[in-house]
Each structure stands twice: as C-alpha cells, then as structure tokens.
C-alpha cells in the first residue's frame with residue numbers, strides 16, 4: 001500500500017500539490033512493474049525540488065530487519081524522506097518485493113544490521 005498524499009505532505013513538509021505529484025510517481029512505478037526504482041526516485045527528487053539531492057541506495061544488511069533502502073537524499077540522515085524498502089531473503093539478497101514508505105533512512109538503518 002502506498003502512502004497517501006496527505007501522509008507525504010505532513011511528514012516531509014511539502015505542499016499538497018507536491019505530495020500528489022510524488023504519489024502519482026509512485027503509482028506510475030507500481031503500474032509499470034519495473035524492477036528498479038532509481039529512475040522514479042530521481043523523478044521524485046526533482047518533484048521535491050530544493051532540499052532534495054538526488055537518489056541514494058543502501059544495499060541490504062544482514063538479517064530480516066535490514067532491507068535494501070532506496071531513498072531521496074534530503075541532506076540529513078534523520079530528515080523525513082521518501083523510501084523504498086526491499087525485503088531481504090534468508091540468503092541476504094533483495095526479494096524484489098519492496099514497499100514505499102515515508103520516514104528517515106537513519107531510523108531504518110538503526111534497527112537493522114548494516115556494515
């Protein structure tokens with residue numbers, strides 16, 4: 001399930017129009033069935049505009065609470081941003097069954113086991 005435009009606006013502090021455009025980009029990605037989200041993240045970074053510095057990727061860590069994290073860089077580890085979290089299999093590989101979220105990548109990384 002995708003975050004709502006209202007959730008996006010409230011958490012990242014953007015206008016509702018921007019949040020709706022972000023949500024549309026997420027929906028377009030989900031409908032496309034594309035295996036990678038890098039292009040969508042770059043598009044979302046452009047939608048956010050000032051205060052967004054492109055897309056970043058953290059590979060999966062060790063264990064089930066350590067998904068790969070793709071996110072829009074907002075300048076600080078704990079700034080709320082758009083995330084795409086891909087589950088981790090028992091072999092430590094990404095599952096290809098990710099989910100969109102709004103939060104900080106630092107909070108996700110703290111509860112996981114990353115090197």
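Odds and ends about this structure:
- Of the peptides 69-75, 48-54, 27-33, the ranking by mean beta-carbon count within 10 Å, highest at the top, reads 69-75, 48-54, 27-33.
- The stretch 1-110, Rg to Rh (Cα coordinates; Rh as Kirkwood inverse mean 1/r): 0.95
- Burial ranking of peptide ranges 108-115, 18-25 (average Cβ count within 10 Å, highest at the top): 18-25, 108-115
- Ranked for footprinting exposure by Cβ neighbours inside 10 Å, fewest first, 78, 84 give 78, 84.
All of the numbers you see were taken from the coordinates with simple rules; none came from a lab. Quick caveat: nothing in here was measured; it's all calculated off a predicted structure. Note that we place each Cβ from the backbone using ideal geometry, even for glycine, and neighbour counts take in every protein chain shown.
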